[in-house]
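Just below is one structure, and these are the notes that go with it.
The values are calculated or read from the model by the stated rules, or taken from the named source; none is laboratory data. Computed from a predicted model, the values in this text were never measured in an experiment. Positions of Cβ are generated from backbone atoms using ideal geometry, with glycine treated the same way; all protein chains shown enter the neighbour counts.
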Amino acid sequence: TIDVNSKLVLPGLIDAHVHFRDPGLTKKEDFFSGSAAAAAGGFTTVIDMPNTIPPTNTTQALKEKMRIAREKSLVDFGLHVGVADLASIKELTEYKPASFKIFMDLVDCDFLIEAFCKINEVRDNLLNGVPSHPLISLHAEDPDVVKQCTNKMKKEGSDPELYSQARPPQAEIEAIQKAILLSKKFNQKIHFCHVSTPKSQKIINQAKNDGLNVTSEITPHHLFLNSSYLRKYGNLAKTNPPLRDEKNRLTVDNLSQIDIVGTDHAPHTLEEKNKDVWNAPPGIPGLETALPLLLTQLNQGKIIVGDIKRLLCENPAKIFNIPNKGFIRKGMDADLVVIDLKKSYVIDPANFQSKAKYSPFEGFHVQGVPVMTLVRGQKVMEKGHILKNQGKFIYS
Ligand code: DOR
Ligand code: ZN
Ligand code: ZN
Ligand code: ZN
């Protein structure tokens, strides 16, 4: 029996945006350590991003990642696929990717249009007798604005705070505008990863009002940190898109407009993070801090339990079409997280299950901690200890 006395029980959290680095970059993380971080953080489902080595943009790479995840993952998983060879899109669809992920900062406009066009051509493929409408998820930053502003800021020196202006809000805004035009042209569902600035969200809201099928994600770091943390924490706070200054930032007051919280769990080695700002890789490990940070907001009366359920359980399940997850009700998987809402403590990355034992949230005083995580009824975390489990592909 499980003692859930005086505890809060929520559906297992779903993180639709993690980078587990497996295969090819397993010094940073692998599917075992990443999924252990998920379980420790109260997450029972993760969807992994395709920028591994090799990138998950061929059926061969996808099958290999699937094999790795089946072998190593402690929590249930889905996989986003990348878009490189447009000819392989049709075949990739047959392996049920959670979405086609496009890093707009890395592709030119012609490629983007072709990708939308090709993905649109496979939308009537039947998957298990159900017509599919593949989702495109986007890292929205305009490559030209990024290039131009990065070159300009590099001349100013190597103060980490410069990074904020190397990829300014305008880079994101322009990319989002472009993607929404394409969504309209192709009647294509799109999902914006890590929206970071109010103007972007306003454009997305407008598109929704116009009837387009557009959704958006915010990360805990964009929600709780501003660009001054680049001064404080250096490259540990370096991420793409960068942290914004106070007046260009989304906060908990904007949460009602946002569809999901995704962590963009993006671990790197400390050695890499110790390079100068222009050479250190961007990314923040987020799986083990997301829920404590949100529970703290809950304890402070700034958000309600329904916000956490909507943003981290229900909406991710709906947007990514994940069967039997996101809700506690009859017929659903028994994916649960048990939370001690009273416990106060200080975030210490030394305790992370992730291989990335650093965080710009180090030293934050939080209240509320996941004390047990269950995946399909199986305990995978109890009081911070990780237990063996075999994660399952969410679309199988
Ligand atoms: O900060 C980021 N890190 N943004 C990205 O788009 C990629 C990610 C990573 O893979 O490290
Ligand atoms: Zn075409
Ligand atoms: Zn991204
Ligand atoms: Zn990411």
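Key figures for this structure:
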{"read-out": "Unmet requirement for V214, which otherwise passes all of (1) surrounded by fewer than 22 Cβ atoms within 10 Å (Cβ to Cβ); (2) over 21 Å from H265 (Cα atoms)", "value": "(1)"}
{"read-out": "First in segment 217-229 and closer than 16 Å to I303 by Cβ, second anywhere and of a type in the set (D, E), Cβ under 7 Å, 6 or more apart", "value": "T219/D264"}
{"read-out": "Residue list for segment 322-346, restricted to those being touching a residue at least 40 places away in the same chain (Cβ under 8 Å), part of a loop (DSSP other than H, G, I, E, B) and surrounded by fewer than 19 Cβ atoms within 10 Å (Cβ to Cβ)", "value": "P323, F327, I328, M332, A334"}
{"read-out": "Test result for A37, crowded, with 24+ Cβ neighbours inside 10 Å and of a type in the set (A, V, I, L, M)", "value": "yes"}
{"read-out": "Residue check for S200: under 30 Å from K275 (Cβ atoms), away from ligand 1 (no atom under 14 Å from the Cβ) and crowded, with 21+ Cβ neighbours inside 10 Å", "value": "yes"}
{"read-out": "In segment 248-258, residue nearest to L295 (Cα to Cα) [restricted to those that are outside any loop (DSSP other than H, G, I, E, B) and in contact with a helix residue (DSSP H, G or I) (Cβ under 9 Å, 6 or more places away or on another chain)]", "value": "V252"}
{"read-out": "Residue check, P50 assigned to a loop (DSSP other than H, G, I, E, B), within 16 Å of ligand 3 (Cβ to nearest atom) and not hydroxyl-bearing (S, T, Y)", "value": "yes"}
{"read-out": "Looking only at segment 184-212, and only at residues there that are within 16 Å of ligand 2 (Cβ to nearest atom) and outside any loop (DSSP other than H, G, I, E, B), the one that is farthest from F116 (Cα to Cα)", "value": "K185"}
{"read-out": "Single residue of segment 40-51 satisfying the filter (among the polar types (S, T, N, Q) and crowded, with 24+ Cβ neighbours inside 10 Å) that is nearest to the chain's Cα centre (by Cα)", "value": "T45"}
{"read-out": "Candidate set: segment 91-113, residues that are assigned to a helix (DSSP H, G or I) and loosely packed, with under 14 Cβ neighbours inside 10 Å; chosen: the one farthest from ligand 2 (Cβ to nearest atom)", "value": "L106"}
{"read-out": "Residue tally, condition of a type in the set (V, I, T), in a helix (DSSP H, G or I) and either at pLDDT below 95 or crowded, with 18+ Cβ neighbours inside 10 Å (or both), over segment 57-90", "value": "2"}
{"read-out": "Per-region count, segment 361-376, residues of a type outside the set (A, V, I, L, M) and assigned to a strand (DSSP E or B)", "value": "5"}
